[in-house]
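The structure appears below as structure tokens.
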Amino acid sequence: MLIFRERAMPEEVKNRLMRRVENDITEDMRYVQPIVDAVREKGDEALLTYTERFDGVRMAREQLHLTPEVVRKRALSIAARRPDLDRAVALAQEHIERYHRAQLPPPFWSMAVSPGVYAGEKTTPIDSVALYVPRGKGSFPSVYLMLAVPAKVAGVPHPIVLTPPNANGDMDEALYLAAWRSGIEDVYLVGGAQGVAAVAYGTETVPNMQKIIGPGNRYVTAAKRLLSQVIDPGPFAGPSEAILIADETARPEWVAHDLLVEAEHGPDSSVIFLTYAEDVFEAVGTFLPELIDRLPEPRQSFVKSVFETYGALVLTESLEDAVAWSNAYAPEHLQLHVRDPWRLLPKLKHAGEILLGATTPIPLGNFMIGTNAILPTGGHARTRSSLSVHDFLKRTSVAWTDIEGYEQLRPYARLLAEEEGFPAHARALDLDRRG
């Protein structure tokens with residue numbers, strides 16, 4: 001386990017922690033190119049071939065599509081048999097919808113820029129979006145909800161879901177409930193690079209779409225980048241990461257438990273604990289090995305790998321130093337185990353989400369609070385935001401001038417047209433448009 005006093009930490013270790021897993025996907029793009037080409041040329045036949053090769057499932061063409069009628073019927077049956085799971089999914093859906101409805105901009109706004117000159121903005125949903133729900137290391141109904149609910153709130157006319165099939169060539173039960181509760185029930189059982197290619201080009205079964213959104217593995221990311229001129233690839237999401245900051249009031253056992261949350265996602269995750277409180281620092285280091293040993297496989301191995309590579313416990317000189325470290329790192333998740341988290345909030349500049357206090361652990365944000373858990377990773381929180389309704393909307397500028405505005409602006413616009421060397425622009429402004 002990597003445990004350091006910040007001032008004694010080797011520079012190469014700090015640099016490695018800051019970089020996280022460096023995903024140079026150049027080779028991955030070369031690998032997925034023939035997959036993409038095959039889907040474009042052979043359609044469903046290629047999808048079935050790659051599903052058998054990569055997911056280990058032999059499927060018939062008619063199994064690729066789960067219609068809304070099929071999904072709804074199966075979901076109702078599952079809800080009757082597993083009411084507790086259905087209630088959890090329903091409550092998560094309710095919170096996610098409430099939060100994302102608050103993000104909706106008005107469909108149109110305008111203002112008078114000057115007398116006779118008006119400008120505004122019209123907001124409309126994207127026509128068709130594919131929501132990618134991964135299935136690599138588990139089943140993710142929460143991801144389904146985090147994608148489907150804002151798409152539904154935004155009013156996307158034609159949303160579909162892509163998700164790899166399980167070992168039975170079907171969708172997991174919790175996903176049926178998420179589909180039904182979110183209201184987006186048009187599902188295609190295909191994943192990986194072949195799934196991205198399918199919605200980019202369209203096949204006999206899978207429709208081509210305008211945009212694809214959702215986290216995926218390195219091959220999904222490579223295919224998105226490769227096809228970015230064919231389909232809008234949406235925001236890219238990398239391996240999970242978190243920073244936890246604590247002061248002397250923190251409960252070490254709670255901190256230790258919370259540190260394992262993102263670490264159990266996979267061996268490429270990153271988790272860093274920052275505190276200036278030496279007693280808390282040492283106690284957390286004592287609790288962690290025991291908690292890790294209690295985890296089942298493969299999660300235990302994932303966590304051990306993380307704390308040997310991209311996870312660390314760091315004793316800083318002060319709380320201010322911990323804040324500075326976090327701002328430089330720009331984590332996906334940032335949790336504060338401190339006496340007054342609200343006092344720190346204005347100082348924290350870069351994070352996908354900030355969870356205030358020990359009673360707000362990351363799993364509540366991931367599953368139930370309603371904020372979106374699809375967040376920027378790899379330091380991109382410096383410039384990017386969490387997924388929201390805005391990812392499913394587009395804005396169109398709207399402008400108009402009456403004759404007073406036209407006459408007021410045209411001599412100045414004509415001058416700039418001539419300055420930039422556009423004679424047709426200038427001549428269009430010579431016209432008397434009073435009718």
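The values are calculated or read from the model by the stated rules, or taken from the named source; none is laboratory data. As the structure is a computational prediction, the values presented were derived from the model and not from experiment. Cβ placement follows ideal geometry from the backbone for every residue including glycine, while neighbour counts extend to all protein chains displayed. Please note that ligands, DNA and RNA were not included when accessible areas were found on the heavy atoms of the full protein model with its side chains. Shrake-Rupley method; radii C 1.70, N 1.55, O 1.52, S 1.80 Å.
I need the full set of residues from segment 235-263 which are modelled with pLDDT of 95 or more, part of a loop (DSSP other than H, G, I, E, B) and either on the phi > 0 side of the Ramachandran plot or surrounded by 18 or more Cβ atoms within 10 Å (Cβ to Cβ) (or both), in order please.
Result: 247, 250.
Take the residues in segment 126-151 that are open to solvent by 10 Å² or more (accessible area, probe 1.4 Å) and of a type in the set (A, V, I, L, M), then tell me which one is farthest from residue 215 (Cα to Cα).
126
For segment 46-83, how many residues are among the hydroxyl-bearing types (Ser, Thr, Tyr), without any contact (Cβ under 8 Å) to a residue 12 or more places away in the chain and closer than 18 Å to residue 176 by Cβ?
Within segment 46-83, the first condition is being among the hydroxyl-bearing types (Ser, Thr, Tyr), and the residues that meet it are 49-51, 67, 77.
Narrowing the set further to residues that are without any contact (Cβ under 8 Å) to a residue 12 or more places away in the chain leaves 49, 77.
With the extra rule that they be closer than 18 Å to residue 176 by Cβ, the set shrinks to 77.
Number of matching residues: 1.
With the condition kept exactly as written, say whether any residue in segment 121-132 is modelled with pLDDT under 95 and out of contact with any Gly (no Cβ under 6 Å at 6 or more places or on another chain). Break it down into steps so the answer makes sense when it comes.
First, pick out the residues of segment 121-132 that are modelled with pLDDT under 95: none.
The answer is no; no qualifying residue exists.
Looking only at segment 63-80, filter to residues that are closer than 15 Å to residue 173 by Cα, in contact with a Phe, Trp or Tyr (Cβ under 8 Å, 6 or more places away or on another chain) and hydrophobic (A, V, I, L, M, F, W, C); which one of those is surrounded by the fewest Cβ atoms within 10 Å (Cβ to Cβ)?
Selected residue: 76.
Can you go through 354, 374, 369 and tell me which one is among the β-branched types (Val, Ile, Thr), under 30 Å from residue 15 (Cα atoms) and in contact (Cβ under 8 Å) with a residue 24 or more places away in the chain?
Values: 354 fails: in contact (Cβ under 8 Å) with a residue 24 or more places away in the chain; 369 fails: under 30 Å from residue 15 (Cα atoms).
Answer to the check: 374.
This table checks each residue for (1) open to solvent by less than 50 Å² (accessible area, probe 1.4 Å); (2) not in a helix (DSSP H, G or I).
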{"position": "327", "(1), (2)": "yes, no"}
{"position": "334", "(1), (2)": "yes, yes"}
{"position": "349", "(1), (2)": "no, yes"}
{"position": "359", "(1), (2)": "no, yes"}
{"position": "364", "(1), (2)": "no, no"}
{"position": "384", "(1), (2)": "no, yes"}
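Quick check on segment 106-125. Is at least one of its residues surrounded by 15 or more Cβ atoms within 10 Å (Cβ to Cβ), more than 30 Å from residue 329 (Cα to Cα), out of contact with any helix residue (DSSP H, G or I) (no Cβ under 8 Å at 6 or more places or on another chain) and of a type in the set (Val, Ile, Thr)?
For segment 106-125, residues surrounded by 15 or more Cβ atoms within 10 Å (Cβ to Cβ), more than 30 Å from residue 329 (Cα to Cα), out of contact with any helix residue (DSSP H, G or I) (no Cβ under 8 Å at 6 or more places or on another chain) and of a type in the set (Val, Ile, Thr): present.
Is there any pair linking a residue in segment 316-336 that is free of Cβ contacts under 8 Å to residues at least 60 places away in the same chain and within 16 Å of residue 385 (Cα to Cα) to one that is part of a helix (DSSP H, G or I) and open to solvent by less than 30 Å² (accessible area, probe 1.4 Å), with Cβ under 6 Å and at least six apart or on different chains, and which?
Short answer, once both residue conditions are applied: 330/381.
Looking at the structure I just gave you, is residue 27 out of contact with any Cys (no Cβ under 7 Å at 6 or more places or on another chain), at pLDDT below 95 and open to solvent by 90 Å² or more (accessible area, probe 1.4 Å)? Let's see the steps before the verdict.
Working: out of contact with any Cys (no Cβ under 7 Å at 6 or more places or on another chain): yes; at pLDDT below 95: yes; open to solvent by 90 Å² or more (accessible area, probe 1.4 Å): yes.
When the stated conditions are applied, residue 27 passes them.
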